[in-house]
1. Among the aliphatic types (A, V, I, L, M), open to solvent by 30 Å² or more (accessible area, probe 1.4 Å) and touching a residue at least 40 places away in the same chain (Cβ under 8 Å) - does that describe any residue in the stretch 128-146?
2. Looking at the stretch 190-200, can you tell me whether even one residue there is part of a helix (DSSP H, G or I), buried (at least 16 other Cβ atoms within 10 Å of the Cβ) and at pLDDT 85 or above?
3. Give me the residue from the stretch 75-99 that is among the polar types (S, T, N, Q) and more than 19 Å from Arg133 (Cβ to Cβ) and, out of that set, least open to solvent (accessible area, probe 1.4 Å).
4. Mind checking which residues of the stretch 24-59 are under 25 Å from Gly3 (Cα atoms) and hydroxyl-bearing (Ser, Thr, Tyr)?
5. Of Thr60, Thr74, which residue is in contact with a Leu (Cβ under 7 Å, 6 or more places away or on another chain), hydroxyl-bearing (Ser, Thr, Tyr) and in contact (Cβ under 8 Å) with a residue 24 or more places away in the chain?
6. Could you list all residues from the stretch 172-187 that are crowded, with 16+ Cβ neighbours inside 10 Å and farther than 18 Å from Ser198 by Cα?
7. Go through the stretch 41-74 and give me each residue that's over 18 Å from Ala28 (Cα atoms), exposed (fewer than 12 other Cβ atoms within 10 Å of the Cβ) and among the acidic types (Asp, Glu).
8. Asp7: open to solvent by less than 30 Å² (accessible area, probe 1.4 Å), of a type in the set (Asp, Glu), out of contact with any Gly (no Cβ under 8 Å at 6 or more places or on another chain) and over 20 Å from Asp76 (Cα atoms), yes or no?
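The values are calculated or read from the model by the stated rules, or taken from the named source; none is laboratory data. Since this is a predicted model, take the numbers as computed values, not measurements. For neighbour counting, all protein chains shown are included, and Cβ atoms are generated from backbone atoms with ideal geometry for every residue, glycine included. Ligands, DNA and RNA are excluded from the accessible area calculation, which covers all protein heavy atoms including side chains. Shrake-Rupley method; radii C 1.70, N 1.55, O 1.52, S 1.80 Å.
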Amino acid sequence: TEGRSFDVQEIDGASNRGVEEIRNLRDAVRYPPVKCAYKVYIIDEVHMLTKEAFNALLKTLEEPPPHVKFLLATTDPQKLPVTVLSRCLQFNLKRLPVALIVERMRTICGAENIAVDHAALLRIARAASGSMRDALSLLDQAVAFGGGALRDAEVAEMLGSMDPRHIHELLQCLADRDAAAMLGHIKALQELVPDFESVLDDLAVAAHRAALLPRDG
């Protein structure tokens with residue numbers, strides 16, 4: 001947990017992607033752990049290894065020493081050879097819910113005595129798309145942008161978020177099937193230089209909320 005165990009080694013697959021690095025790894029796994037029950041090798045972004053490196057690692061994955069565990073982490077599992085995937089247990093990590101990210105950021109801000117708006121935390125959590133790491137990075141940027149405080153208007157400006165009024169107007173155009181008015185609103189939005197990907201995300205969220213509203217009768 002503290003990152004100081006000699007028996008847990010983290011390897012960056014992007015920087016150690018060749019055959020020679022894998023050969024060194026194969027030599028190292030023969031030695032038993034110093035203190036823990038197992039030696040654990042975490043290969044981050046393992047899909048960055050070369051084909052030759054995967055071939056060199058395959059035998060060790062097939063018949064690892066009993067005291068060794070491998071954790072292969074990747075954001076692109078499609079790039080892993082089938083021969084490697086077939087010898088691994090696969091765990092797909094789910095995106096964290098927005099509420100959990102908000103609560104974690106609130107705890108951090110409380111510990112650091114940072115004044116926060118709940119709406120600002122909610123905006124950052126949604127922008128993080130389920131990643132706590134991205135949320136904390138955005139939180140750090142937002143606090144610096146706001147001069148030590150977290151205010152929704154400043155977070156929206158930093159993220160390129162759109163005023164909800166514009167989102168409602170676009171949705172109304174969709175509901176009215178008024179293409180001319182829709183194009184007019186989009187042209188007006190261009191002058192604000194928004195992040196259109198964020199605008200589409202906001203539209204999707206608003207449409208989803210509307211779909212969940214109870215209907216009369």
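1. No.
2. The answer is no, given that none of the residues of the stretch 190-200 is part of a helix (DSSP H, G or I), buried (at least 16 other Cβ atoms within 10 Å of the Cβ) and at pLDDT 85 or above.
3. Per the stated criteria, the residue is Thr83.
4. Tyr31, Tyr38, Tyr41
5. It is Thr74.
6. Across the stretch 172-187, the qualifying residue is only Cys173.
7. Once the filter is applied, which keeps residues that are over 18 Å from Ala28 (Cα atoms), exposed (fewer than 12 other Cβ atoms within 10 Å of the Cβ) and among the acidic types (Asp, Glu), the stretch 41-74 yields nothing.
8. Here the answer is yes, as Asp7 does meet what is asked.
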